[in-house]
Amino acid sequence: MAAVDTKRYSHISQSLFDAITFLAQALPKRSVSTFLELLFGAMMSTTGFVTQAWLAIRPRRHWTSYYKWLQKRHWSWVALVLQTCRLALRQVPGRRCYLVIDDTLVFRTSRKAPESRIHHQHGSKANRPDYVRGQSWVTLGLSVSRKFRSLAVPVALPPVTKHGQ
């Protein structure tokens, strides 16, 4: 077996490897490689969209495999969120943490966009109608304060669906 050249990866923090390994423990073994590919793709892309993440990597499977993995969800996003919370709490032992909930309306023009509906636009801006088409996203974040600085880490960002799933 040939030796693996790991010197070009020496600038990657060991704590990043440990964190990713810890997160992967929340997934079924068959899902880990797909999760890791999309996670690294998202880290390399500038937008965070799944398509951009897929384009940023050398995919080992066809696009539909990743789509079906995300769409059919034979893995628990709740378990992944809990594991993310555990990871974040390990980084700030003994400090007071706050859970933060934020709802965001992402404007859409297409009726075909998943969970795209008409929403009341609460911003009351002069250049926007009262009702707009969009997707509602609710973010759960973990906020930690230290002296005069605060850090908030998003731990869950599921789209709001008709059935609350």
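The values are calculated or read from the model by the stated rules, or taken from the named source; none is laboratory data. In this text the structure is predicted, and so the values were computed from the model without any measurement. Cβ atoms come from the backbone with ideal geometry, glycine included; neighbour counts cover every protein chain shown.
I need every pair where a residue in segment 78-94 that is touching a residue at least 12 places away in the same chain (Cβ under 8 Å) and more than 14 Å from ALA26 (Cβ to Cβ) has its Cβ under 9 Å from the Cβ of a residue that is outside any helix (DSSP H, G or I) and of a type in the set (A, V, I, L, M, F, W, C), sequence separation at least 6 or different chains. Listed by first residue and then by second, the contacts come to LEU89/CYS97; LEU89/LEU142; VAL92/LEU142; VAL92/VAL144; VAL92/LEU151.
In the set (1) more than 28 Å from TYR98 (Cα to Cα); (2) surrounded by 15 or more Cβ atoms within 10 Å (Cβ to Cβ), the condition left unmet by GLN135 is number (1).
For segment 87-101, check the following and say yes or no: at least one residue is surrounded by 14 or more Cβ atoms within 10 Å (Cβ to Cβ), at pLDDT 85 or above, outside any strand (DSSP E or B) and hydrophobic (A, V, I, L, M, F, W, C). Yes, some residue in segment 87-101 is surrounded by 14 or more Cβ atoms within 10 Å (Cβ to Cβ), at pLDDT 85 or above, outside any strand (DSSP E or B) and hydrophobic (A, V, I, L, M, F, W, C). Taking segment 102-119 as the range and being of a type in the set (S, T, N, Q) and outside any strand (DSSP E or B) as the test, the residues that pass are THR109, SER110, SER116.
Give segment 37-76 a look and list any residue that's part of a helix (DSSP H, G or I) and among the hydroxyl-bearing types (Ser, Thr, Tyr), or say none. THR51, THR64, SER65, TYR66, TYR67 - these are the residues of segment 37-76 that are part of a helix (DSSP H, G or I) and among the hydroxyl-bearing types (Ser, Thr, Tyr). Beta carbons closer than 9 Å, at least 6 apart along the sequence or on distinct chains, pair a first residue in segment 38-63 that is within 19 Å of LEU157 (Cβ to Cβ) with a second that is among the small types (Gly, Ala, Ser) and surrounded by fewer than 12 Cβ atoms within 10 Å (Cβ to Cβ) for ALA42/GLY48. May I ask you to verify whether SER116 is out of contact with any Lys or Arg (no Cβ under 7 Å at 6 or more places or on another chain) and either surrounded by 12 or more Cβ atoms within 10 Å (Cβ to Cβ) or without any contact (Cβ under 8 Å) to a residue 24 or more places away in the chain (or both)? The answer is no for SER116.
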